[in-house]
Amino acid sequence: MSKVVVFDHPLIQHKLSIMRDKETGVKEFRELLEEIGMLMVYEATRDLETQEVDVETPICTAKCRRLAGRKLAVVPILRAGLGMVDGVLNMVPAAKVGHIGLYRDPETLKPVEYYCKLPADSTEREILVVDPMLATGGSASAAIQFIKDRGCNHIRLLNLIAAPEGVKRMQEDHPDVDIYIAALDDHLNEHGYIVPGLGDAGDRLFGTK
Ligand code: PRP
Ligand code: URA
């Protein structure tokens with residue numbers, strides 16, 4: 001069973017509360033999503049491997065730690081996941097970036113794939129899949145299956161807001177993928193929107209409605 005980590009850090013919770021507000025405009029929404037992406041990746045990479053190295057300071061040799069093990073790749077689920085990429089790259093500038101294009105059919109709520117391009121060496125990397133919303137879990141589950149089908153087996157999922165239904169679906173379909181979220185909301189409404197949620201993340205990020 002995968003683990004679900006809810007980030008209750010006051011800075012993340014404060015920023016998320018502003019994002020939920022229906023009066024918050026596109027510019028501020030976009031800035032906050034990037035900022036939360038940065039804070040979340042800081043926490044979600046807490047267990048990355050390090051190794052001891054000797055560093056010559058101006059004073060003497062210091063025993064220090066540097067990252068070892070797998071390099072990172074960030075893979076946003078288009079469109080809304082794009083809003084978290086720059087935040088991740090602020091923290092991990094050398095990460096490579098892949099893209100998965102999926103949208104949720106408004107009638108069936110099933111994900112429809114339209115694009116997938118991953119870094120050439122992604123099988124050797126730790127993959128951070130990012131998307132602000134985990135609702136039914138259909139999009140995240142399908143995106144992660146595409147990534148696994150391309151031979152990647154070290155994957156983490158980062159979402160801002162999750163519904164219990166999405167977490168359950170992810171844990172059933174991908175018990176090996178840990179889930180990092182800023183909030184676990186109450187339920188999905190009859191249109192598949194998270195309640196209380198923040199509305200349509202893609203539309204609020206890009207101003208398309
Ligand atoms: C949203 C969101 C997720 C998906 C979540 O994307 O960004 O990808 O819905 O819903 P699910 O868990 O029920 O699959 P959407 O399909 O609206 O596409 P967009 O980002 O292009 O607007
Ligand atoms: N996608 C969104 O953007 N918001 C939701 O609440 C559910 C799916």
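Protein chains only, probe 1.4 Å: how do Arg104, Arg70, Arg204 rank by accessible area, largest first? It would help to have the intermediate numbers written out before the result.
Working: Arg104 65, Arg70 90, Arg204 40 Å².
Result, largest first: Arg70, Arg104, Arg204.
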Exercise. How many nm is it between the label spots at Leu109 and Thr24, if each spot is 7 Å from the Cα in line with the beta carbon?
Worked result: 2.4 nm
Problem set entry | aspartates and glutamates whose Cα lies under 18 Å from that of Lys15, excluding same-chain neighbours fewer than 8 positions away | Glu23, Glu28, Glu31, Glu34, Glu35, Glu43, Asp86, Asp131, Asp185, Asp200
Seminar exercise, completed: Placing +1 on each Lys and Arg Cβ and -1 on each Asp and Glu Cβ in the chain, then taking the dipole about the Cα centre, the residue among Pro164, Pro111, Val74 whose Cα reaches farthest towards the positive end is Val74
Exercise. Solvent-accessible area per residue for the range 108-209 at a 1.4 Å probe radius, Å²?
Worked result: 42 Å²
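Calculate how many DSSP beta bridges within the chain are antiparallel, expressed in % of all such bridges and rounded to the nearest 5.
On the way: 15 of 39 bridges.
Once the DSSP bridges in the chain are tallied, antiparallel ones form about 40 percent.
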Exercise. Quick one: if you take sqrt(5λ) for each eigenvalue of the C-alpha gyration tensor of the chain, what semi-axes come out, biggest first, whole angstrom?
Worked result: 30, 20, 15
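Rounded to the nearest 0.05, what FRET efficiency do Gln145 and Asp86 have when you use their Cβ-Cβ distance and R0 = 41 Å?
Approximately 0.95, to the nearest 0.05.
Only helices at least 20 Å long along their own axis, judged from Cα atoms, and with Kyte-Doolittle mean hydropathy of -0.5 or greater: name those in the chain from DSSP H.
Numbers: long enough: 26-44 (26 Å, 0.27).
Helices passing the filter in the chain: 26-44.
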Seminar exercise, completed: Computed over the range 1-135, the relative contact order (Cα-Cα under 8 Å, seq sep at least six) in percent reads 22 percent
For this session: Mind checking which lysines have their Cα closer than 26 Å to the Cα of Lys71? Skip sequence neighbours fewer than 8 apart in that chain.
Result: Lys3, Lys63, Lys96, Lys117, Lys148
Seminar exercise, completed: Partner lysines whose C-alpha sits under 16 Å from that of Lys22, ignoring same-chain residues fewer than 8 away, are Lys209
Exercise. How big is the range 92-209 by the Kirkwood estimate over distinct Cα pairs, in Å?
Worked result: 14.8 Å
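The values are calculated or read from the model by the stated rules, or taken from the named source; none is laboratory data. Owing to the predicted nature of the structure, the values given are computational and were not obtained by experimental measurement. All Cβ positions, glycine included, derive from the backbone under ideal geometry; neighbour counts span all protein chains shown. These area figures cover heavy atoms from the full protein model, side chains too; ligands, DNA and RNA do not enter into them. Shrake-Rupley method; radii C 1.70, N 1.55, O 1.52, S 1.80 Å.
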